[in-house]
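In what follows, a structure is listed as C-alpha cells, so that the remarks can point back to it.
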Amino acid sequence: MPSAFHSLLLPAIRNPKPSRRRGRGRGGSKRPKKTTKSKNRLADAAAGDATSFHLKTSARAGPGGAGSGRRGGGGCLVQPLGNLLLLGGGEGGGGNLRDAGLGALRPLPDDVLLDVLGLLAARDLARLSAASRALYVVASHDPLWRALVLDELGGDFAFSGSWRATYIAAASGGRAHLLPPRGLEIRGFYSDYLFQSWLCANIEMRPEWLHRDTIERRRGMSVEQFVSEFEEPNRPVLLEGCLESWPALQKWTREHLLKVSAGKEFAVGPVSMTLDRYLQYADNVQEERPLYLFDAKFTEKVPEMGRDYEVPAYFREDLFGVLGEERPDHRWVIIGPAGSGSSFHVDPNSTSAWNAVIKGAKKWVMFPPEVVPPGVHPSADGAEVTSPVSIMEWFMNFYGACKTWEKRPVECICRAGEVVFVPNGWWHLVINLEESIAITQNYVSRRNLLNVLDFLKRPNASELVSGTTDRVNLHDKFRNAIDMTYPGMIKQLELEAQQKAAARKKKVSFWESAVDANTGGFKFSF
C-alpha cells in the first residue's frame, strides 16, 4: 500500500464532529457537469504552450498529483486526452492507464466515478488506492479529501498543503514519520475532466480576461445624482473616493484583525474557522475553488470591526431596517486568497447591494437581469442555478463567447477604496485577483421596495427567500412594518409605478408611427 495512506489504517480520528452531508464528487451535492469542449486548449496547457495559459510558479514546480497540492512533488499525475492522441497511443504505446487499471469501474465517466468514490469513507478510499496505479490517481483527487476533512473535522484543521495531506496529518496525530515525503510518480493516465480541475487551480488569469473595463466610474457624485442616474434605471456603477473616512482602510492589517478577532470563529463555506486557521489555509492552498470567509455576524462577534466602517451616503436608505433584529442577513465581511470568489448569482430577496474593497482587488463580470450569462442555467422558478464548477472554468470556456453578444457584460476591476453598486436582479461573478478583504451589504430603498415585496410573496418563497428562518411570513411582516413606519409609502409607489407603465404604453415608437397614418406620421405603401 502506498505510504501516503499507511496512517489511515490506524485508529480513526478521535472524537469526530457530527457528520455533515458531504458533497459528492467535487464538493457539490448538485454538481454541474464539467465542460470538456476545450480539449485542444487543455493539451496546449499540458504542453506548456505560452500562447494558451500561463501556469502559476508553484504549478510549474510540479504538483504532487491530480489536485494533490504542492506537498507531494513528482509532477502532474493526469494529462489531457489530446496528449494521448498526439503520442499515438500514450507514453511507450501503452495506451491510457485509466482503461487498464479501473477494472469494472472503467465504463463510468470520470465525473460519475468521482461521485461514487465520494461516498466512501477515508479508509476505504485509501484501500482502493492500493489496488492499481489508475485507482491511486483517482483516489488522490484532492476534492474527495476536502469533503472528508470538512465533514469529519469541520474547521478544526491545520492545512498541510493539500487536503489529502491534511487528512493524513490529522489521522496520524501529526506524527511526521507517518507522513509520506512525496507522492508516487505515475504517468500515462489521461483524463480531460481530472486535468481541467488541476489546470483551473493552477493557471493565472489571462490578460484579455482583465483588460475590459466597461463600468461607469464616478467620484464626488451627489446622492440625488446616484438615485436618478443609477439606482432608478437599475444600472451598475463604480464609486471612487467614498471610503476615505473608513478607519478599516488603514487599520485592517492581518496583525490587527488577528488580534481583535482572537478566539472568534467565522463562517467559511460549510464550516466555522478561527481567522488564524483560515489564513494558514489561504496562504498555502492552490485549488480550483478555494474556501471563502463570508460571515454575516462579524459585527456581533467583533464589535470593533463594525465601528471601523460606515455605510456610504448613497445606500443609507435601507427599508429592511424596519424589521429590526428580524431582518434577513444583510452584511458580510469577505476575506479570501487570489482565485477565491463567487460564481454567477443574483443577490438574495431581489435586493440591491454594494461591495467595498478594503484590501486587494476584485474582477467583476455583470449581466443585466434579462441576460442569462453563458454557461449558466437557472431553473424556471429561479430556485436553482446550474453553472460551471468553478470561476476559472467559466473564464476558460465561456468568457470569449461574450465578445459577440449584443448585450455584453459590464466589467471592471475594483481596488482598495472603491465600491461597486450591484442593482437588483443583475447576474454577477467576482474573483479575487489577490488576497482581498471587503465589506458588502444588501439593502432595500424605496426605488426597489415593490420588487422586493413581489419577490417575497412568490408561491415558492420558502425556497427562494434567504437569510431568515421565517421565509414564508417575511412578506407580511415586512409590508406591515413598512405601513406602520411609513404610512402610505407603498400605495404611493404603486401609483407611481402604474403611471410610469401607462406612459410607456402610450409612447409611440418610430416604427409604429411610420406604419400607422392615424398617428399623424407617414405610412409606407408598396
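Scanning segment 416-436 for residues that are part of a loop (DSSP other than H, G, I, E, B) and under 20 Å from Pro337 (Cβ atoms) returns Ala416, Leu433, Glu434, Glu435. Within segment 469-502, track down each residue that is hydrophobic (A, V, I, L, M, F, W, C), assigned to a helix (DSSP H, G or I) and open to solvent by 60 Å² or more (accessible area, probe 1.4 Å). Met484, Leu495, listed by residue number. For segment 180-187, the criterion of a residue being at pLDDT 90 or above, more than 28 Å from the chain's Cα centre (by Cα), at negative phi and not assigned by the TED database to the domain that holds Lys407 is satisfied by no position.
To keep it simple, each residue is scored yes or no on (1) loosely packed, with under 15 Cβ neighbours inside 10 Å; (2) more than 25 Å from the chain's Cα centre (by Cα); (3) at pLDDT 95 or above; (4) of a type outside the set (S, T, N, Q).
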{"residue": "Leu81", "(1), (2), (3), (4)": "no, yes, no, yes"}
{"residue": "Gly89", "(1), (2), (3), (4)": "yes, yes, no, yes"}
{"residue": "Gly92", "(1), (2), (3), (4)": "yes, yes, no, yes"}
{"residue": "Ala100", "(1), (2), (3), (4)": "yes, yes, no, yes"}
{"residue": "Leu105", "(1), (2), (3), (4)": "no, yes, no, yes"}
{"residue": "Leu114", "(1), (2), (3), (4)": "no, no, yes, yes"}
{"residue": "Asp124", "(1), (2), (3), (4)": "yes, yes, yes, yes"}
{"residue": "Arg146", "(1), (2), (3), (4)": "no, no, yes, yes"}
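Residues in segment 340-352 that are out of contact with any strand residue (DSSP E or B) (no Cβ under 7 Å at 6 or more places or on another chain) and open to solvent by less than 10 Å² (accessible area, probe 1.4 Å): Asn349 alone. Taking Val422 as the residue in question, decide whether it is within 22 Å of Val465 (Cβ to Cβ), in contact with a strand residue (DSSP E or B) (Cβ under 8 Å, 6 or more places away or on another chain), at pLDDT 95 or above and among the β-branched types (Val, Ile, Thr). So Val422 fits the description; yes. In segment 153-167, what residues are under 18 Å from Phe266 (Cα atoms) and part of a helix (DSSP H, G or I)? Once the filter is applied, which keeps residues that are under 18 Å from Phe266 (Cα atoms) and part of a helix (DSSP H, G or I), segment 153-167 yields only Leu153. Could you please give the count of residues in segment 299-339 that are over 29 Å from Asn480 (Cβ atoms), touching a Lys or Arg at 6+ places or on another chain (Cβ under 8 Å) and buried (at least 18 other Cβ atoms within 10 Å of the Cβ)? Total satisfying the criteria: 2.
Looking across segment 126-144 at every residue that is surrounded by fewer than 23 Cβ atoms within 10 Å (Cβ to Cβ) and charged (D, E, K, R), the one that is farthest from Tyr193 (Cα to Cα) is identified as Arg127.
Taking the criterion of being open to solvent by 10 Å² or more (accessible area, probe 1.4 Å) and in a loop (DSSP other than H, G, I, E, B), the residues of segment 437-454 that qualify are Arg446, Arg447. Inspect all residues belonging to segment 393-410 and state whether any of them is modelled with pLDDT of 95 or more, open to solvent by less than 10 Å² (accessible area, probe 1.4 Å), over 22 Å from Gly467 (Cα atoms) and assigned to a strand (DSSP E or B). Within segment 393-410 (the criterion being modelled with pLDDT of 95 or more, open to solvent by less than 10 Å² (accessible area, probe 1.4 Å), over 22 Å from Gly467 (Cα atoms) and assigned to a strand (DSSP E or B)), the answer is no, since none of the residues qualifies. Once segment 411-436 is narrowed to residues that are surrounded by 20 or more Cβ atoms within 10 Å (Cβ to Cβ) and within 15 Å of the chain's Cα centre (by Cα), the residue that is nearest to Trp246 (Cα to Cα) is Ser436.
Can you pull out the residues in segment 353-378 that are open to solvent by 10 Å² or more (accessible area, probe 1.4 Å), farther than 19 Å from Gly400 by Cα and either in contact with a helix residue (DSSP H, G or I) (Cβ under 9 Å, 6 or more places away or on another chain) or assigned to a strand (DSSP E or B) (or both)?
Asn355, Lys359, Pro378
Quick check on my filter: what residues within segment 148-169 are in contact with a strand residue (DSSP E or B) (Cβ under 7 Å, 6 or more places away or on another chain) and either crowded, with 21+ Cβ neighbours inside 10 Å or not assigned by the TED database to the domain that holds Arg127 (or both)? Passing the criteria: Leu150, Gly155. Would segment 242-262 turn up any residue that is open to solvent by 40 Å² or more (accessible area, probe 1.4 Å), at pLDDT 95 or above, in contact with a Ser or Thr (Cβ under 9 Å, 6 or more places away or on another chain) and more than 25 Å from Gly339 (Cβ to Cβ)? Checked segment 242-262: at least one residue is open to solvent by 40 Å² or more (accessible area, probe 1.4 Å), at pLDDT 95 or above, in contact with a Ser or Thr (Cβ under 9 Å, 6 or more places away or on another chain) and more than 25 Å from Gly339 (Cβ to Cβ). The residue list Met221, Met205 contains one member that is modelled with pLDDT of 95 or more and either surrounded by fewer than 20 Cβ atoms within 10 Å (Cβ to Cβ) or of a type in the set (S, T, N, Q) (or both), which is Met221.
The set of residues in segment 437-474 being small (Gly, Ala, Ser) and either modelled with pLDDT under 90 or over 16 Å from the mean Cα position of the chain (by Cα) (or both) consists of Ser445, Ala461, Ser462, Ser466, Gly467.
The values are calculated or read from the model by the stated rules, or taken from the named source; none is laboratory data. Just so you know, these numbers come straight off a predicted model, no measurement behind them. For neighbour counting, all protein chains shown are included, and Cβ atoms are generated from backbone atoms with ideal geometry for every residue, glycine included. SASA here: full protein model, heavy atoms, side chains in, ligands and nucleic acids out. Shrake-Rupley method; radii C 1.70, N 1.55, O 1.52, S 1.80 Å.
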